[in-house]
Amino acid sequence: MTNIDPQIKTELEAAAFRTLIQHLRDNPQVQNIDLMNLADFCRNCLSKWYKSAADEQGLDLDYDSAREIIYGMPYQEWKNKHQTEMTSEQKSAMESKKNK
């Protein structure tokens, strides 16, 4: 890997993160359960990681606020607008991952 200035590296990582968040906001049809089944993380995981990073910096950020940052709206609003019932296939995939 090319030697990258630590500040530039942080800026590139932040830009990639912002792009990921916007991509998830632009694709609400991708359900959290699908993300969990395919990649072992979802929007809620990102929210928890965001809150954890804020905690490490000594910032007072609660989980609901972190979720709103990730989802682009209050979680309950996103859930009401976009979350669908889990299909039997999604549930089966989740169960098979738990049993590994």
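The table that follows gives values for the structure above.
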| item | result |
| --- | --- |
| Hits in region 24-37 (condition: out of contact with any His (no Cβ under 6 Å at 6 or more places or on another chain) and either farther than 15 Å from His82 by Cα or outside any helix (DSSP H, G or I) (or both)) | Asn27, Gln29, Val30, Gln31, Met36, Asn37 |
| Subset tally (residues that are surrounded by 15 or more Cβ atoms within 10 Å (Cβ to Cβ) and either among the hydrophobic types (A, V, I, L, M, F, W, C) or over 16 Å from Asp26 (Cα atoms) (or both)) for region 74-85 | 1 |
| Filter result (in a helix (DSSP H, G or I) and either under 21 Å from Ala14 (Cβ atoms) or over 15 Å from the mean Cα position of the chain (by Cα) (or both)) within region 64-75 | Ser65, Ala66, Arg67, Glu68, Ile69, Ile70, Tyr71 |
| Criterion (part of a helix (DSSP H, G or I) and over 14 Å from the mean Cα position of the chain (by Cα)) met by exactly one of Ser52, Ser47, Ser96 | Ser96 |
| Search result, residues across region 25-44 that are crowded, with 18+ Cβ neighbours inside 10 Å and within 8 Å of the chain's Cα centre (by Cα) | Cys42, Arg43 |
| Neighbours by Cβ (under 9 Å, 6+ apart or cross-chain): first from region 56-69, over 12 Å from Asn44 (Cβ atoms); second of a type in the set (A, V, I, L, M) and part of a loop (DSSP other than H, G, I, E, B) | Ile69/Leu61 |
| Pair list, Cβ under 7 Å, 6 or more apart: region 27-44 residue over 14 Å from Lys98 (Cα atoms), other residue in a loop (DSSP other than H, G, I, E, B) | Gln31/Gln83; Gln31/Thr84; Asn32/Cys42; Leu35/Phe41; Leu35/Cys42 |
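Every read-out reported here was derived from the displayed coordinates using simple, explicitly stated rules and does not represent laboratory data. Treat the numbers as computed from the prediction; the structure is a model and nothing was measured. In this analysis, Cβ positions are derived from the backbone assuming ideal geometry, glycine residues included, and neighbour counts consider all displayed protein chains.
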